[in-house]
Every structure is written in C-alpha cells, then in structure tokens.
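The values are calculated or read from the model by the stated rules, or taken from the named source; none is laboratory data. No experiment lies behind these values; they were computed from the predicted model shown. Note that we place each Cβ from the backbone using ideal geometry, even for glycine, and neighbour counts take in every protein chain shown. SASA here: full protein model, heavy atoms, side chains in, ligands and nucleic acids out. Shrake-Rupley method; radii C 1.70, N 1.55, O 1.52, S 1.80 Å.
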Amino acid sequence: MQGPLIESLVRQGVSRRTFLKYCATLASMMALPPTAGRAMAAAMAASRRPSVIWLPFQECTGCTESITRSHSPTIEGMIFDLISLDYQETLMAAAGFQAEQARHSAMKDNFGKYLLIVDGSIPLGQNGAYSCIGGRSNVDILKEAAEGAAAIIAMGTCASYGGIPKANPNPTGAVSVSDLIKNKPIVNIPGCPPIPVVMTGVLAHYLTFGSLPDLDDKGRPKAFFGETIHDRCYRRPFYDQGKFAKTFDDEGARNGWCLFELGCKGPVTHNACATVKWNGGTSWPVESGHGCLGCSEPDFWDAGGFYKALSVPADPLRNGAAAAVVGAGTGVAVGIANRVKQGSARSSHETTTLDDLEK
Ligand code: SF4
Ligand code: SF4
Ligand code: F3S
C-alpha cells in the first residue's frame, strides 16, 4: 500500500471544491442519497492507494485506449492515476524479464491485497498456446495472479463474457475471467470498449468502501447497468410514437427518429451510454446516428451485430423493460445506502480529512 490518496490529490493541485463536485456527481450517478457525496469524498480522500496489477490478454487494446485516453486531465483521470499501477505491459516502461519481475514482486509484496484488472478473453485452445506472455499461457498467468488478488475487475466484454474472440466459431476457445476463476469477488465492466467513467466509478467505490459495488445477475455494477439504453434514450419518444428511420439517410433519420428498425439493440442492452455518454459527455452511438450494437451484453456479436434488427415484437419491449428496471433500481438504492453507512464509519477513524485538501 502506498500513501493516502489525499496527499496525491494535494500534490496534483486538486481543490476541495473540485473534489467534492466530482464525488457529488459520482454519488448521483450511483443513485446514492444527496448526502453521500461528502461521505464518499471523506472516505476516498483518506484511502490508501491499492496495488493494481492489470493483465491484458487476448484483446485489441481498445479497452486500454478507452480508459487511458478519455478523461485526462479531469478528476476521473486523477483518481485512476491514484491507484498504484504496478503492472500493465502496454503502459509500463519496463519490458521482457524486467516487466515479469515487476509483476512477481507486486504479487508477492501485496499478496491478498491487490486488485487484479483483466482485459481480453482467455484462449484455452491448443493448451492456451494462442496467447502467451513470456512463454506462459494467459490461463496460467491468470490463475497465478488471481491467487493473491483481493478482487478482480474484468474490464471490457472480452474479459467479462469472451467478447468478439468468443464469437462463433470461437477458433481459439476463448472464455471469460469468471469462466475460470470461481473463488474471488469479480466485477464485470463490459462494453466494447467499456465507458471510462464506469471504470473509474468502480475504482472510486472500491477506494471508498473497500469493496465492489452491488452487481446484477451478469456480474455488472447495478448502478451503471441497471437500466437499458432504451430506457434512457432521447429517441424513445419516437419509438413510442412508432416513428422509425428506415435507412440511415432517409427523412426519419434526418429528423432523429428511432433506429430500432436499423438494428438498434438498445431495448435489450444494459449500459450507461445514454446518460453518461462518451468523450467527456460529448456524444454516444445513438446520438451520432448509429443504433446500439449491444456491446455490453454476452454474445453480442453473434446476436446480430451490425444492422440486423431485433426479431422480438416491439410492444413487449416497451412494457417489459420498464418494470424490470424499477425493481433493479430499488435494489441499487438500498444496497448503496448501506455501503455509505459503512464508508462513513470507516472514514471517522482516519486522521486525515477533506479539510487537508488545498482550499
Ligand atoms: Fe477490444 Fe472490445 Fe475486447 Fe475491449 S472488449 S479488448 S475494445 S474487442
Ligand atoms: Fe433509442 Fe434504439 Fe430504443 Fe430507438 S430502439 S429508442 S434508437 S435505444
Ligand atoms: Fe455499446 Fe450500445 Fe453503448 S453499442 S457503446 S452499449 S450505445
């Protein structure tokens, strides 16, 4: 463990107001009560930096690109910087033997305490030979690193559910992290790639409460995946009026009508794109004129990918999804409110406080 977060925040010139605003926004995104922002800020400012080991396996580097390029120099970026990233072969300066040595040292020094992040699926075909690092298969490395992990974050749809490498006919025998590891807490943050704010939100939750957030039945944080794209889509009024674009350049498309008939998978896709958006809140796929591909759901590529419309009837989608979300939302609120109580209690024992931040 490294020094308290608060020291790094002060060093980076983060003002108290900026930090509180970030925590209030995050608390609101996670459906916490209004008072939770300050409790989160106090707990997070006093937290100590957890060691993080990040293993990229059978992946396209899109997840890494998404997380590392999208938010600097915002506070989300700083929170991400404030973990102790002890191994990430794409980002670290060390290579070859030195890099492997760094991973082993981090695992040994922080055994039982480090967070393990994985992006990419794990190929099992040909005894794992399709993807090896330093002469060892991904499956061997994952099992070894999972041994001493306090918790695992499967980042992106490949690590969460197998993703595109697992698409039919799955030539490498790709599987997800949770297919292989059964004895550790695992949170899935799917998306191809995942939304950076969701990733930093999960990290912030871990720093605040010392645990992973409440998850849905597919292992995703309910706070960010509790609703479908369709539930919060700004084109929803057109769907409800039966106004659908038929091609990408017809009058309906130009008027912003619903993209359901052009293959939008929003009605069956759980993710936060419609509310959090991408690139600092600039836009998201549906706002840019393209239907949702369903990239945060298992087997999304085999389910139709581009331009294949959902075959389910429209009316049940309108009625069914809303009822499901009401139930999920209630669970999130209760679960997270309990975590806030835990976080407040924990922070009251710390000697450093928010007031130590630069005014
Ligand atoms: Fe690439 Fe998508 Fe897999 Fe991430 S989830 S590694 S972006 S294919
Ligand atoms: Fe939006 Fe797609 Fe739902 Fe239409 S089908 S309202 S474009 S999410
Ligand atoms: Fe993926 Fe659909 Fe969002 S394609 S990025 S879940 S709008």
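Name the residues in the range 257-267 that are outside any loop (DSSP other than H, G, I, E, B) and either among the hydrophobic types (A, V, I, L, M, F, W, C) or open to solvent by 20 Å² or more (accessible area, probe 1.4 Å) (or both), would you?
First, the residues of the range 257-267 that are outside any loop (DSSP other than H, G, I, E, B): 258, 260-262, 266-267.
Scanning the range 257-267 gives C258, F260, E261, L262.
For E287, which of the numbered conditions (1) modelled with pLDDT of 90 or more; (2) near ligand 2 (Cβ under 10 Å from one of its atoms); (3) in contact with a helix residue (DSSP H, G or I) (Cβ under 6 Å, 6 or more places away or on another chain) fails to hold?
With (1) modelled with pLDDT of 90 or more; (2) near ligand 2 (Cβ under 10 Å from one of its atoms); (3) in contact with a helix residue (DSSP H, G or I) (Cβ under 6 Å, 6 or more places away or on another chain) applied to E287, the lone miss is (3).
Among G256, G266, G252, G281, which is of a type outside the set (A, V, I, L, M) and touching a residue at least 24 places away in the same chain (Cβ under 8 Å)?
On the way: G256 fails: touching a residue at least 24 places away in the same chain (Cβ under 8 Å); G252 fails: touching a residue at least 24 places away in the same chain (Cβ under 8 Å); G281 fails: touching a residue at least 24 places away in the same chain (Cβ under 8 Å).
Only one candidate qualifies: G266.
Looking at the range 302-319, can you tell me whether even one residue there is within 14 Å of ligand 2 (Cβ to nearest atom), touching a Phe, Trp or Tyr at 6+ places or on another chain (Cβ under 8 Å), in a loop (DSSP other than H, G, I, E, B) and at pLDDT 95 or above?
no
Could you please give the count of residues in the range 166-181 that are in contact (Cβ under 8 Å) with a residue 60 or more places away in the chain and either among the basic types (K, R) or open to solvent by 30 Å² or more (accessible area, probe 1.4 Å) (or both)?
Kept after step one, since they are in contact (Cβ under 8 Å) with a residue 60 or more places away in the chain, are these residues of the range 166-181: 166-168, 172, 174.
This time we only want the ones that are either among the basic types (K, R) or open to solvent by 30 Å² or more (accessible area, probe 1.4 Å) (or both), so: 166, 168.
Within the range 166-181, residues that are in contact (Cβ under 8 Å) with a residue 60 or more places away in the chain and either among the basic types (K, R) or open to solvent by 30 Å² or more (accessible area, probe 1.4 Å) (or both) number 2.
When the residues of the range 268-289 are narrowed to those that are more than 21 Å from G201 (Cα to Cα) and open to solvent by less than 50 Å² (accessible area, probe 1.4 Å), which ends up nearest to ligand 1 (Cβ to nearest atom)?
The extreme case among them is V286.
Which members of the range 158-187 meet the condition of being under 25 Å from A27 (Cα atoms) and within 11 Å of ligand 1 (Cβ to nearest atom)? First the steps, then the outcome.
Restricting attention to the range 158-187, the residues satisfying the condition of being under 25 Å from A27 (Cα atoms) are 160, 185-187.
Once the filter is applied, which keeps residues that are under 25 Å from A27 (Cα atoms) and within 11 Å of ligand 1 (Cβ to nearest atom), the range 158-187 yields only S160.
Suppose we filter Y239, Y206, Y234 for residues that are among the aromatic types (F, W, Y) and out of contact with any helix residue (DSSP H, G or I) (no Cβ under 8 Å at 6 or more places or on another chain); which single one remains? Explain how you work it out, then say what you get.
Values: Y239 fails: out of contact with any helix residue (DSSP H, G or I) (no Cβ under 8 Å at 6 or more places or on another chain); Y234 fails: out of contact with any helix residue (DSSP H, G or I) (no Cβ under 8 Å at 6 or more places or on another chain).
After ruling out the rest, the residue left standing is Y206.
Out of G210, G219, G163, G201, which single residue is open to solvent by 20 Å² or more (accessible area, probe 1.4 Å), under 30 Å from R49 (Cβ atoms) and touching a residue at least 60 places away in the same chain (Cβ under 8 Å)?
Details: G219 fails: open to solvent by 20 Å² or more (accessible area, probe 1.4 Å); G163 fails: open to solvent by 20 Å² or more (accessible area, probe 1.4 Å); G201 fails: open to solvent by 20 Å² or more (accessible area, probe 1.4 Å).
Only one candidate qualifies: G210.
Starting from the range 82-109, take each residue that is within 15 Å of W54 (Cβ to Cβ) and among the acidic types (D, E) and list its partners that are in a helix (DSSP H, G or I) and open to solvent by less than 40 Å² (accessible area, probe 1.4 Å), counting only C-beta distances under 8 angstrom and pairs at least six apart or across chains.
Partner pairs satisfying both residue conditions: D86/A102; D86/R103; D86/A106; E89/A99.
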